[in-house]
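The block underneath contains the structure these notes are about, expressed in structure tokens.
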Amino acid sequence: MKLSNTLGLTVAATLVTFAVANNGGESTKPVTGTVTGTVMFEGEKKPEIKPLKISAEQSKGCCAEGDDMNTVDRSLVINDKGGIANVVVTLEAKGAKVEIPEKPFEFDQRNCRFEPHVTIVPAGSTVKFLNSDQVSHNIHTYAAKNDGENQTVAPGGDLMYKLEKAEAVKVACDIHPWMVGWVYVTDGTHWGLSGADGAFELKDVPPGDYRLTIWHEKLGRAKAEVSVGADGSSKPVAVKMGAKKKGGGRRRR
Ligand SMILES: [Cu+2]
């Protein structure tokens, strides 16, 4: 009898300890969720994107001897199922703090292409342009709200570029006209970039109702809303983007 009593007490005490530890963990880390979704192309016909036209003369020194230049045009990449790559998705959660990392965001130039094609940075960040090539590049940024940049970066060199205001900044190289990349500066608190299948995710989003800001360099903007429940759950967001309308409000047939 005595033995079973002791055993019972031990089990009960263990359960209490476990419950307290669990509660303690939850109170220090607030519940957040991961917003997921896909961006799909909407339209009868997927636009045809032609390879970049790059002459041997222009691309001299871009690649190792005998290697071919990558001529894939990344300005609009749609997979077989209609998923659109390189779409920027951001949201702003009130009260959420964005920490600007001390280490700058790296934006490389490799084999005469910008890597990555699109990078998302919070306003106030610094981007470090690198040059991993054996040839010089000329960083030329097209900014409306931020400072512009137009400087040559020698092989192995770099260039620091501070971005204070939210906007999509086009980055080009004047020496290699096919080189185009984007630095998307956001004043949102959470962001994600769609992958090759059009899927994106925004992590650590606190519960609430949000309007997503969606941007693609060729397709323009789209709208979507998402709710993150008190338990952190949310329904996947289905975003559709079509060819940009010309002439302002012209209807699609
Ligand atoms: Cu270049």
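In this structure, is MET160 closer than 17 Å to ARG74 by Cβ, more than 16 Å from the ligand (Cβ to nearest atom), modelled with pLDDT of 95 or more and among the hydrophobic types (A, V, I, L, M, F, W, C)? So MET160 fails the test.
Which of the residues spanning the stretch 104-119 are within 14 Å of the ligand (Cβ to nearest atom), over 20 Å from GLY192 (Cβ atoms) and surrounded by fewer than 20 Cβ atoms within 10 Å (Cβ to Cβ)?
Scanning the stretch 104-119 gives ASP108, ARG110, ASN111.
Taking each residue of the stretch 53-70 that is more than 15 Å from ASP174 (Cα to Cα) and looking for partners that are hydroxyl-bearing (Ser, Thr, Tyr) with beta-carbon atoms closer than 7 Å, six or more apart or interchain, yields MET69/SER59. Within the stretch 173-195, residues that are within 13 Å of THR141 (Cβ to Cβ) and in contact (Cβ under 8 Å) with a residue 40 or more places away in the chain have Cβ atoms under 9 Å from residues that are of a type in the set (S, T, N, Q) and within 16 Å of the ligand (Cβ to nearest atom) in these pairs: CYS173/GLN109; CYS173/ASN138; MET179/GLN109; GLY181/GLN109; VAL183/THR141, counting only partners at least 6 apart in sequence or on another chain. The listed residues are LYS165, LYS170, and the only one of them that is within 16 Å of the ligand (Cβ to nearest atom), basic (Lys, Arg) and surrounded by fewer than 15 Cβ atoms within 10 Å (Cβ to Cβ) turns out to be LYS170. Would you point out the residue of the stretch 120-155, among those that are away from the ligand (no atom under 16 Å from the Cβ) and of a type in the set (Ser, Thr, Tyr), that is nearest to LYS60 (Cα to Cα)? Restricting to residues being away from the ligand (no atom under 16 Å from the Cβ) and of a type in the set (Ser, Thr, Tyr), the top hit is THR126. Taken as a whole, the condition of being in a strand (DSSP E or B), among the acidic types (Asp, Glu) and on the phi < 0 side of the Ramachandran plot applies to ASP108.
Counting only strands (runs of 3 or more DSSP E) that sit completely within the stretch 161-236, those holding 3 or more residues that are under 30 Å from SER55 (Cβ atoms) and within 17 Å of the chain's Cα centre (by Cα) correspond to 167-173, 180-186.
The values are calculated or read from the model by the stated rules, or taken from the named source; none is laboratory data. Values in this document were obtained by computation on a predicted structure and should not be read as measured data. A quick note on method: Cβ atoms are made from the backbone with ideal geometry, for glycine too, and the neighbour counts reach across all protein chains shown.
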